[in-house]
Each structure stands twice: as structure tokens, then as C-alpha cells.
Amino acid sequence: MKRICFIGLGIMGKPMAINLIKAGYSLQVYDRNPPKVEAVASAGARGCSSIKEAVEGCDYIITMLPNSPHVKSVVLGEDGVAENAKKGALLIDMSSIAPSASREIHDELKKRGIRMLDAPVSGGEPKAIDGTLAIMAGGDEKDFEEARELFDVLGSSAVLVGPVGSGNTCKLANQIIVALNIAAVSEGLMLARRAGADVEKVFMAIRNGLAGSTVMNAKVPMILEGNFKPGFRIDLHIKDLANALDTGLNTNTPLPLTAEVMQMMQVLKIDGEEKSDHSALMKYYEKLTGTRVRKE
């Protein structure tokens with residue numbers, strides 16, 4: 001069986017790695033936080049103390065890291081993936097990073113005979129745990145088909161959307177739509193509350209109509225309970241929206257609503273909510289109006 005290296009064992013990476021172990025794959029895992037390595041090693045992986053050790057002899061290297069600088073450091077940095085992966089290995093970067101960073105990493109790896117897919121995901125921690133993530137990939141079709149058996153373990157859908165960098169472009173579009181959806185839901189429910197309606201019943205009335213969405217069904221119950229335990233953190237969503245705005249600038253694409261919702265999230269970050277779930281966007285409206293939508 002092919003050997004897999006998994007680097008990055010955070011909120012998303014840990015359950016993804018565990019699902020691969022449960023599916024019978026042999027994993028070598030690394031994270032700069034040793035307790036995270038120990039947690040996945042206890043599920044059956046081989047815990048490693050360095051990137052070099054984790055990458056050694058592996059056919060596939062999966063990275064799930066917070067941002068572009070992290071991925072560049074792990075892959076292209078001293079004693080990183082590029083220096084230690086065997087020729088012909090396939091890097092599957094499932095982080096959400098700038099498309100330009102994906103292309104830069106790909107070009108450097110190609111010089112060393114290492115293949116790459118950028119394959120970010122959507123669905124947050126619950127779908128990472130369930131193995132039902134939506135995977136959007138960029139790269140060579142042959143490499144994508146080779147990786148499909150892994151994607152089938154990690155997600156309920158995997159689509160090749162274009163060359164390397166396209167996966168993260170797709171993810172940016174996804175993140176814009178999710179952020180604006182949460183903001184729209186928050187704005188609509190705040191109107192309902194201040195106009196005297198029962199917000200929970202408003203949710204029940206509209207969730208199966210045209211306004212209904214996966215975002216609404218996932219986030220409104222959290223909002224009403226005041227449960228902002230992170231499935232996807234505000235600071236990470238800010239990072240994605242910043243990448244979207246940079247990409248918009250580089251492609252001469254106006255993104256006025258993206259800029260607005262990013263500023264709303266920045267306000268929450270200043271208020272100390274950066275580690276909260278992005279559904280905490282409701283707190284922005286509560287701050288504006290002095291009205292709580294959350295249950296007392």
C-alpha cells in the first residue's frame with residue numbers, strides 16, 4: 001500500500017488524517033505541536049518529530065496548514081518537503097492559500113520532479129470528521145485521478161476545476177459566497193428580531209424556501225444558541241477574503257461586497273472574536289443595534 005505523509009493536524013487536519021487511518025492507509029504525521037502528533041499517533045499513525053522524517057519514503061504528502069507563508073515554509077523551506085520528498089512523489093496541498101502561492105510552489109517542485117495538486121476543501125470541522133468534505137482541485141488530470149481514492153475517503157465530492165492554482169481560486173469563490181451568506185442571514189434575522197418576530201420561527205419558515213441554504217441550516221442553530229465554537233475561525237476567513245481581494249486586484253475584478261464583509265469581520269477581530277466561528281458575524285449586528293438575537 002502507498003505510504004502517506006500528513007502535515008498539519010489542527011481542527012481540520014486531525015480528523016482528516018484519522019479518517020485515512022480508519023480506511024487502512026499507513027500514515028506518517030507531523031505537526032509543530034507535539035501533542036497533536038501524539039493524538040493522531042494514538043489512532044494508529046507513525047508520529048514524526050520533523051518534516052524530513054515524516055516525508056521519508058512517502059508516495060503522497062498531504063498538507064493542511066493555515067496560510068500561504070506556512071505552506072511555503074513547510075514545502076520550500078530548509079529541510080522541508082521539497083528537499084526530502086522522493087522524486088515522483090505527489091504533494092496534495094489541501095490548505096486554503098493564495099492561488100499565486102500554489103503556482104509558485106508547483107513551479108519549484110516541478111524542478112525537483114515532485115508533482116502537485118492544490119485541493120482545498122469546504123465543509124468545516126463537522127464534514128472533516130464525517131469524511132464528507134467538498135474538495136476542489138487544481139492540477140494535472142492524471143495526478144487527480146491517482147489521488148481520487150484518497151479524496152473518496154476525505155470527501156463526498158471532488159472536482160478537478162483546472163490547472164494548479166484553480167483549486168484555490170475556486171475556494172476563494174466559495175469563501176466569498178459563504179461569508180456573504182452568513183452576513184445576509186445575520187442581517188435578515190436581526191430585522192426579524194427588532195420587528196418583533198420570533199426569530200426561531202422565522203428560521204423554520206424560510207429555511208425550505210428560496211432563501212434556504214446549507215450555510216443557513218448549519219449556522220443559524222449556532223447563532224440562536226450563542227455557540228460560536230469554531231468550525232471555521234473568523235481570522236482564517238479574513239485571510240481567505242484578503243486573498244480574494246488580492247486576486248480581484250490582480251484580475252481587475254471589483255469585489256465590493258467582499259470588501260464590506262471583510263471589514264465587518266475585522267471589527268470582530270478587534271473585539272477579540274478572531275478565534276470564534278465565522279457565524280459570530282451576528283455579533284457585528286448585535287453591536288450595531290444593541291439587540292441580541294441569541295437566546296437569553
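The values are calculated or read from the model by the stated rules, or taken from the named source; none is laboratory data. Just so you know, these numbers come straight off a predicted model, no measurement behind them. Don't worry about glycine lacking a Cβ; one is built from the backbone with ideal geometry, like all the others, and counts go over all protein chains shown.
Only one of these is over 19 Å from the mean Cα position of the chain (by Cα), of a type in the set (Val, Ile, Thr), part of a helix (DSSP H, G or I) and outside the structural domain of residue 239 (by TED's automatic domain parsing): 71, 40, 75. Name it.
Residue meeting the stated conditions: 40.
Name the residues in the stretch 108-128 that are modelled with pLDDT of 95 or more, surrounded by fewer than 18 Cβ atoms within 10 Å (Cβ to Cβ) and part of a helix (DSSP H, G or I), would you?
The answer is 108, 110, 111.
Any residue in the stretch 235-246 that is acidic (Asp, Glu) and buried (at least 17 other Cβ atoms within 10 Å of the Cβ)?
Looking through the stretch 235-246, at least one residue is acidic (Asp, Glu) and buried (at least 17 other Cβ atoms within 10 Å of the Cβ).
Output the residues belonging to the stretch 158-177 that are of a type in the set (Val, Ile, Thr), in contact with a helix residue (DSSP H, G or I) (Cβ under 6 Å, 6 or more places away or on another chain) and under 16 Å from residue 241 (Cα atoms).
Within the stretch 158-177, 169, 176 meet the criteria.
So which residues in the stretch 1-34 are touching a residue at least 40 places away in the same chain (Cβ under 8 Å), surrounded by fewer than 22 Cβ atoms within 10 Å (Cβ to Cβ) and assigned to a loop (DSSP other than H, G, I, E, B), if there are any at all?
Answer for the stretch 1-34, where residues must be touching a residue at least 40 places away in the same chain (Cβ under 8 Å), surrounded by fewer than 22 Cβ atoms within 10 Å (Cβ to Cβ) and assigned to a loop (DSSP other than H, G, I, E, B): 2, 10, 11, 23, 25.
Per-residue answers, yes or no, for (1) within 25 Å of residue 123 (Cα to Cα); (2) not acidic (Asp, Glu):
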site	(1), (2)
73	no, yes
80	no, yes
88	no, yes
93	yes, no
100	yes, yes
110	no, yes
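State which residue pairs qualify: first residue over 10 Å from residue 90 (Cβ atoms) and inside the stretch 139-153, second residue surrounded by fewer than 16 Cβ atoms within 10 Å (Cβ to Cβ) and of a type in the set (Gly, Ala, Ser) in any location, beta carbons under 7 Å apart, and separation of 6 or more residues or different chains.
Within 7 Å, the pairs are 153/23.
Look at residue 136 and say whether it is touching a Leu at 6+ places or on another chain (Cβ under 6 Å) and not in a helix (DSSP H, G or I).
no
Determine which member of the set 98, 43, 89 is of a type in the set (A, V, I, L, M) and surrounded by fewer than 20 Cβ atoms within 10 Å (Cβ to Cβ).
Answer to the selection: 43.
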